[in-house]
Amino acid sequence: MAGGQSPVPDDPSIPDDSLAYRRITPHWVHVDELNPAGRLSSRAFQDHPDAVSVALRIELVARNLGPADLLSGWDGYGVVSLPVAFLRECGLGVVRDPTSGEPWHALVWGNKSPGTRKKLARAATWIIRPGD
Amino acid sequence: MQAVRPGRSFLSDEDVLAWRPAIPESGAALSWNLLRATAEMQPSQRELVEAISIPEFADDNLHALVDRVQELVSLRADWDSYGADRVKPEAALHAIKVYSLLVTEDLPRPHLVPTVNGGVQLEWHLQGVDFEIEVLGRGRLDIFFEDDASGETIEESLLSVREYDRLEVLAKEFARRAIPAS
């Protein structure tokens, strides 16, 4: 890592070809005549407080769960996916952070400048659109 | 000090802070009607209310943004499902003030989105040009401007209203690049 910066936390046991899912509130989706299917705001990938929360597909699959299960209790929300490899290409790292309610929970670490957030929002693939 | 524009009057930050005690901790009673009514009840604040105004042609945009502000400040904590902070009323209303400083007939209505730390972001996206302004409170703004065609990217923070002239420059640049007739 150049410049003496600390390396971005990353867990190499999470494979590149895994997917990271993120719940999306409808407040982050613009729908207008230019974007009738909805455009995702870059603010969907803002650290809070230090990283971005995601769910790891490999951990969901291991429990016979899928992205729809992430919306239990979150009616009207959506889910997008990003390949872990893409997150790493953006200079970010992914680390497991299981919680009692969400054992598939992980954190995406690293600097998310406005430009990086825009790249993430553009690369995100809709799995479930809000309201579906 | 920003120049006063002709047209309908609007609210100052001082008004917003003065009204804040009327905003309950949960749920939102922050509405256009409440704000207008409060303004009418407090003549001493009229001078402040007159400090910002929006041209008549932007009236529909203004009402839509006030409706959106009402929606945003109504959000409970954890509105993003990941522990987001409640939207600060002063940030939401300051976002409208920022819009009032930029409004022209060319500039479309911005999207207003909540940010996880209690702020509000104004966003314009047209013709591959992105213009985003994050409002965190009553002063500081974080700006992102990117033109996909040229690859030009601008990231700046404006720390006080004294630096807001820069906003007008960027808004005009956005309109010039994104709206062909501008």
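Throughout, read-outs are computed from the coordinates displayed, never taken from laboratory work. On a predicted model such as this, the values are computed, not experimentally measured, just so you know. Please note: Cβ atoms are built from the backbone with ideal geometry, for glycine as well, and neighbour counts cover all protein chains shown.
Just a few scattered comments:
- Gain on full stretching of the segment that runs from A:Ala68 to A:Ala37 - 0.36 nm per residue minus C-alpha separation: 9.2 nm
- Pairwise label distance in nanometres, B:Leu126 with B:His63, each label 7 Å out on the Cα-Cβ vector: 2.2
- The mean sequence separation of alpha-carbon pairs under 8 Å and at least six residues apart, normalised by the residue count of chain A, gives a relative contact order of 35 percent.
- Residue order for A:Val8, B:Val69, B:Val98, fewest other beta carbons within 10 angstrom first, comes to A:Val8, B:Val98, B:Val69.
- Multiplying the residue separation of B:Lys172 and B:Glu71 by 0.36 nm and removing their Cα-Cα distance gives an extension gain of 33.5 nm.
- With the helix formula -39500 (n - 2.57) applied to DSSP H stretches of n ≥ 4, chain A reaches a computed 222 nm mean residue ellipticity of -4000 deg cm²/dmol.
- Three-way shape call for segment B:73-147 based on the alpha-carbon gyration tensor, with the a/c threshold at 1.5: prolate
- Measuring nothing but how far apart in sequence close Cα pairs (under 8 Å, 6+ apart) lie, relative to its length, segment B:94-182 scores a relative contact order of 23 percent.
- Within the shell defined by Cβ-Cβ distances under 12 Å, the residues around A:Ala55 carry a net charge of +1, with Lys and Arg each +1 and Asp and Glu each -1.
- Share of Cα-Cα pairs in segment A:72-132 lying beyond 18 Å, as whole percent: 47
- Gyration tensor analysis over the Cα atoms of chain A returns equivalent ellipsoid semi-axes of 24, 20, 12 Å (largest first, whole Å).
- Every Cα-Cα pair in segment B:45-182 was counted, and those over 21 Å apart are 43% of them.
- Translational diffusion coefficient (Stokes-Einstein; Kirkwood radius from C-alpha pairs) of segment B:111-179 at 10 °C, 1.306 mPa s, in µm²/s: 129
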